[in-house]
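Enquirer: The structure is given below, and queries will be raised subsequently.
Since every read-out is calculated from the coordinates, none of them should be taken as a lab result. Being a predicted model, the structure only gives us computed values, none of them experimental. All Cβ positions, even for glycine, are placed from backbone atoms using ideal geometry, and neighbour counts span all protein chains on display.
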Amino acid sequence: GENVEQHPSTLSVQEGDSAVIKCTYSDSASNYFPWYKQELGKRPQLIIDIRSNVGEKKDQRIAVTLNKTAKHFSLHITETQPEDSAVYFCAAREGNTGNQFYFGTGTSLTVIP
Amino acid sequence: EAQVTQNPRYLITVTGKKLTVTCSQNMNHEYMSWYRQDPGLGLRQIYYSMNVEVTDKGDVPEGYKVSRKEKRNFPLILESPSPNQTSLYFCASSLLANTEAFFGQGTRLTVV
């Protein structure tokens, strides 16, 4: 099955700086890569996603890049704000054999005012 | 309001006592999943369903059962709960497998 690794596990940045979270996956057939944000005590919510036929996607201060050859994808948050503080999870949808999802172990982002 | 509803939100039970966590969505979504969330392990998929009467094992299905008799409902059944099933459980639904997943509020289960 798929294996998704996420780094770093914790990340602290000053307000206004950029934050980058990286994930790698093992199954070259994986074709859908969502990112979820989970605030303390809340449910995960999708912030951005990318499919395997696209290399980059941007939505205001958030962007995701995908490198299929290297099998890694990254979340970029620019001009960070205190409300960006949360746990972020990457995920990959298995390609060939089914529709299973595999999540990374999460990155706890703290934006220091 | 479009939503995924789980019940109960909190549950404390004893080892071996069968329980069911309900999940219902009102968005006519085809794809539904159950996840458990444990510290340091992220979200792990327990079971998923592509549509009515179609269910498949996820990464950690042992000790769990599911059913999908109606499109809107996807209950999670623990026939004989054990302490290692103490966890935070999330139900999620999406229109298709490769579209945005909407999560329920979560169910915090403690098995003693």
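Enquirer: What number of residues in the stretch A:12-50 are surrounded by fewer than 20 Cβ atoms within 10 Å (Cβ to Cβ) and assigned to a loop (DSSP other than H, G, I, E, B)?
Expert: Final tally of qualifying residues: 14.
Enquirer: Sticking with this one: For the stretch A:86-113, enumerate the residues that are assigned to a loop (DSSP other than H, G, I, E, B), within 14 Å of the chain's Cα centre (by Cα) and more than 14 Å from chain B (Cβ to nearest Cβ).
Expert: Correct list: empty.
Enquirer: May I pose another question? I'm told B:TYR10 meets every condition in (1) among the aromatic types (Phe, Trp, Tyr); (2) away from chain A (no Cβ under 14 Å); (3) exposed (fewer than 14 other Cβ atoms within 10 Å of the Cβ) except one. Can you identify the failing condition by its number?
Expert: (2)
Enquirer: Having 1 or more residues that are within 14 Å of chain A (Cβ to nearest Cβ), crowded, with 18+ Cβ neighbours inside 10 Å and not β-branched (Val, Ile, Thr) is the bar; report the strands (runs of 3 or more DSSP E) wholly within the stretch B:32-112 that clear it.
Expert: Counting at least 1 such residues, we get B:42-51, B:87-94.
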